[in-house]
Structures are given as C-alpha cells and as structure tokens.
1. If A:Met187 meets every condition in (1) surrounded by fewer than 16 Cβ atoms within 10 Å (Cβ to Cβ); (2) away from every other protein chain (no Cβ under 14 Å); (3) of a type outside the set (Asp, Glu) apart from one, which number is that one?
2. Of the conditions (1) closer than 25 Å to A:Ile111 by Cβ; (2) in contact with a Leu (Cβ under 6 Å, 6 or more places away or on another chain), A:Val220 fails just one. Which one is it?
3. All but one of (1) part of a helix (DSSP H, G or I); (2) buried (at least 16 other Cβ atoms within 10 Å of the Cβ); (3) more than 14 Å from chain B (Cβ to nearest Cβ); (4) in contact (Cβ under 8 Å) with a residue 24 or more places away in the chain hold for A:Val98; which doesn't?
4. Residue by residue through the stretch B:149-198, note down the ones that are touching a residue at least 40 places away in the same chain (Cβ under 8 Å), among the aliphatic types (A, V, I, L, M) and away from every other protein chain (no Cβ under 14 Å).
5. Counting only residues that are touching a helix residue (DSSP H, G or I) at 6+ places or on another chain (Cβ under 8 Å) and at pLDDT 95 or above, give me the strands (runs of 3 or more DSSP E) lying completely in the stretch B:17-90 with at least 1 of them.
6. Mind listing whichever residues of the stretch A:17-42 are loosely packed, with under 11 Cβ neighbours inside 10 Å and under 27 Å from the mean Cα position of the chain (by Cα)?
7. Collect the residues in the stretch B:55-69 that are more than 14 Å from chain A (Cβ to nearest Cβ) and under 17 Å from the mean Cα position of the chain (by Cα), keeping them in residue-number order.
8. Taking the stretch A:202-222, which residues are surrounded by fewer than 16 Cβ atoms within 10 Å (Cβ to Cβ) and assigned to a loop (DSSP other than H, G, I, E, B)?
Amino acid sequence: MHTSYIKIDEISLACSLIFMVIAIVFSYIEKTKLEKELMIATVRCFFQLMAVGYVLRAVFKSDKWYFVVILVVTMITVAGFDAARREKKTPGAFLIAVVSITAGSIIVMGIIASLILKVDCWYNPQYIVPIMGMLIGNSMNGASILFNRLYSEIKSNRDKIEARLSLGATPKQALGESVAAAIKAAMIPVINNTMVVGIVSLPGMMTGQIIAGADPADSVRYQIVIMYMLPAAVSITTWISARMAGNRFFTEAMQLREM
Amino acid sequence: MFAVRAENLVKIRTIPDKDSNPVTKRIPDGVSFSVEKGEIFVIMGPSGCGKSSILRLLNRLEDPDEGSIFYNGKNIAELPVTELRRSIGLVMQIPSMFEGTVLDNILYGPSLCGADLKAKKEEIETLLPWFSFDPSILKRDPDRLSVGEKQRVNILRTIANSPDVLLLDEPTASLDAASAAGVLEIIAGINKMKNTTIIMVTHIPEHAEKAGGRIMMMEPVS
C-alpha cells in the first residue's frame with residue numbers, strides 16, 4: 001500500500017484547464033451559448049477552491065475552536081442564502097434554511113463525533129470541516145428542493161387544502177399530503193445516491209482518501225458512515241423546513257394566503 | 001337570536017378586467033342579512049357578484065375588509081377558528097376528494113377532533129339510503145365516483161361534523177336535472193331532520209325556489 005500521493009504542481013494544475021477548454025469548444029460547436037458561463041465557472045472555481053485551501057490550512061494550523069466555529073457558521077450562512085436564493089416564493093426562506101440546516105448537520109455531526117469517530121477534541125478540524133461540509137451541502141440541496149416543491153404543492157392543491165381547513169383542520173393537518181410530497185421529493189436524490197454508490201459512482205471522499213494513500217477498505221468504512229449520515233441530516237433539515245415554511249403560507253386565523 | 005347575522009360585508013379584491021389589467025373591486029359590496037336557526041336561506045345572483053365569497057367569509061376561510069359576522073350573537077372573529085368551521089360547515093362547489101376511501105373522506109372532520117369514529121360510522125351508515133348510496137360506497141375510491149356522487153359525498157363529509165349551520169356553494173351547478181333534484185331533497189331533509197340552518201348559494205332560479213326557503217337577490221358588481 002502506497003502511503004504517499006502524487007502532488008499536483010502549478011504546471012499540472014494549469015494543464016487541467018484543457019478540460020474546461022473542451023467543454024467551451026463543444027458549447028461553441030453546438031451553439032449552446034454556454035461559453036461565458038463556463039469561463040466564469042472556471043475562474044470562480046479556481047479562486048474559491050484556492051481561497052478555501054488556504055483558509056483550511058490556516059484553520060488546521062491554528063488549532064483554535066473559534067476558527068472552526070467561524071468556518072462552520074460561514075458555511076451554514078452561505079448554504080442558507082443559496083437555498084433561499086433558489087426559491088424566492090417562500091416567505092422567510094433564509095431564516096428557515098439556516099435553522100433547519102444547522103439542526104440537521106449539528107445533530108448528525110454530534111452523533112458521528114461522539115459515537116462513531118469518538119474524537120478526543122470536539123473541534124478537530126480534520127474531521128469536523130469535511131464532514132460538516134458534506135452534511136451542510138446535502139442539507140442545503142434538500143431544503144432548496146423542499147421549498148420549491150412545497151410551494152408548488154400548496155399552489156396546485158389549494159382547493160383540497162381549503163376543503164380540509166373548512167372541515168376544522170389546522171394548517172399542519174391540512175398540509176399533511178403536501179408536506180409528505182415535498183419531503184419525498186427532497187429525499188429522493190440522497191436515497192438514489194445511497195442506492196448506486198460503489199456501483200455507478202465512487203464518492204469524492206472515498207476517492208480522495210484512496211488517492212491520498214489510505215487503505216481502500218478503510219476508505220469504504222468512512223464512506224459507509226457518510227452515506228448513512230446524509231439521509232439523516234436531510235430528513236431532519238427537510239422536516240424542520242417543511243414545518244416552518246408551511247406555517248408561513250397561513251394567516252394567524254388559519255387562512256391560506258394568496259399565492 | 002339569529003343563528004347568523006352579517007352586517008355590511010365588504011371584501012376588496014384585485015381581479016383582472018377584460019383587458020387582463022388588474023382592477024380593485026368590492027366583492028361583496030356592503031351585504032347584510034340575518035338567518036334564523038333552522039331556516040333555509042338562499043343567496044341568488046349573477047356570477048362574480050360575491051355569493052361564494054360570502055360563504056368563505058362565514059366559514060372564515062377569509063376575513064372581510066369591512067363589516068362583521070355574528071354566530072349565535074357572537075362575533076366570529078372572536079371564536080376559535082377550527083371550532084367555528086366545524087359549527088358552520090362549508091360544502092364547496094367543486095368537491096375536492098382526499099386520499100383514501102369514501103369512508104376516510106367522510107370521517108376526516110370527526111377524526112380531527114377525537115370523535116368516536118365507530119359511533120360516527122354507524123351514524124353515517126344510517127344516512128346512506130337517504131343519500132341514495134348503498135354501504136359498499138364507503139370502501140370505494142372517491143376519485144372514481146361520478147360528479148353527482150362526489151357532491152353527495154362532499155355534503156356527507158361536511159354533515160359528519162354535525163354542523164349547526166350548513167353552507168352550500170352552488171351544490172347543484174354541475175349536476176344534471178335528476179341529480180340536482182336529489183341533492184335539493186337531501187338538503188331539505190337535513191334541514192327538517194336535524195333542524196340545521198341552511199345557507200345556499202345558487203345562480204339557478206329554479207333550484208333557489210325548489211330549496212324552499214327565503215331568497216336574497218344580489219346585484220351584479222359594476
């Protein structure tokens with residue numbers, strides 16, 4: 001087993017631009033007009049990842065809990081902003097996304113750190129940062145899909161929801177079917193990923209560990225934990241998001257607002 | 001004391017005009033009426049005059065921008081909403097059926113307030129012949145029923161809550177003559193047997209007369 005890995009120097013890194021050039025050329029040939037977006041994505045990807053690389057190096061070196069907390073809070077804030085940006089029709093989506101992503105990721109991270117990894121130091125950035133990144137990213141996608149689907153479910157089932165209200169249902173009771181449909185839609189991507197992992201795709205964390213020289217058998221164990229933790233985090237996030245967002249569509253007198 | 005009293009009801013709505021430009025209108029515009037307990041009260045008028053809006057205000061699916069509604073002398077804005085909606089039950093014009101069987105639909109309201117569902121089912125079974133249903137209807141998928149059958153299930157679902165006041169929004173509008181006559185008979189029967197106050201909205205003069213109660217005419221909105 002190799003314990004070292006091939007480092008990518010500046011010239012090799014520059015060579016990787018050839019892949020983006022291929023995509024841009026195809027866009028030009030097919031007249032999809034995605035050249036500008038691809039160029040922006042190339043530049044953004046480079047600077048964002050380089051910046052995060054240096055930030056992570058500094059956080060790892062400092063070994064201070066508050067730097068890890070600042071990093072996690074920033075990740076959650078950006079994730080909340082992004083989930084809310086994709087769905088503008090849900091009132092208060094940013095706050096809902098931040099609360100639900102925080103709850104989903106922190107609860108699951110707590111279980112992993114204390115029961116599975118049994119880390120000595122709760123803020124050990126080597127584990128906290130990458131695992132929280134995966135939890136927050138997947139929770140963000142879940143919240144975003146949930147907001148989108150819940151809004152369309154309520155809009156298209158307005159008659160049914162009002163029929164339930166007219167019979168004495170509370171908003172929570174009246175939204176039962178819509179919430180279930182929205183949570184299901186938000187959970188499907190993460191369930192599908194869990195189903196095909198190892199057959200159709202080799203996940204990033206496992207691949208990264210293998211390239212870094214880890215024993216594939218150990219990498220697989222990590223990946224199994226990762227694959228199991230994601231549905232839990234997304235479930236918690238979407239459950240909280242659905243409850244909080246659902247209420248925003250009703251008045252205090254339990255009337256469905258105009259949409 | 002009146003079962004229901006409405007004073008000067010106004011709801012301000014923004015609706016598209018014939019050129020699809022949004023215009024603000026008062027629908028209904030200053031409507032007042034009183035209905036005695038056990039009375040059948042029919043609201044008639046052309047489309048868009050605010051008949052259905054009045055029923056939505058009475059069931060508190062919306063609140064008026066001006067005016068007040070009193071139920072047994074109390075302002076409905078001060079009553080618990082879910083209890084009010086069970087007491088002043090609304091049968092919507094287009095029946096929206098829920099997931100599950102016909103029985104699940106009918107027992108939906110009682111299940112929300114912890115009623116004895118076994119006793120409620122037995123009560124519903126005694127009402128089935130009156131609605132021209134046989135007991136097998138309870139196990140059927142409501143989405144596979146005819147429009148007339150759905151409308152009767154819709155009425156059954158609302159009266160399963162044992163409301164004091166039954167609001168019916170155009171209950172015969174989409175039915176053929178025979179089905180409409182059947183529904184009007186059911187409405188008259190509910191009023192007679194349970195002394196339920198009926199407030200029915202219709203735009204069909206014949207059905208308003210057949211309902212056999214007091215009729216209030218509404219003017220078209222200008």
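The values are calculated or read from the model by the stated rules, or taken from the named source; none is laboratory data. As the structure is a computational prediction, the values presented were derived from the model and not from experiment. With ideal geometry, Cβ positions are generated from the backbone for all residues, glycine too; neighbour counts draw on all protein chains shown.
1. It fails just one condition, (1).
2. (2)
3. (4)
4. B:Ala173, B:Ile186, B:Ile187, B:Ala188, B:Ile198
5. The qualifying strands (runs of 3 or more DSSP E) are B:40-44, B:66-71.
6. A:Phe19, A:Lys36, A:Ile40
7. Of everything in the stretch B:55-69, nothing turns out to be more than 14 Å from chain A (Cβ to nearest Cβ) and under 17 Å from the mean Cα position of the chain (by Cα).
8. Scanning the stretch A:202-222 gives A:Leu202, A:Ala212, A:Gly213, A:Asp215.
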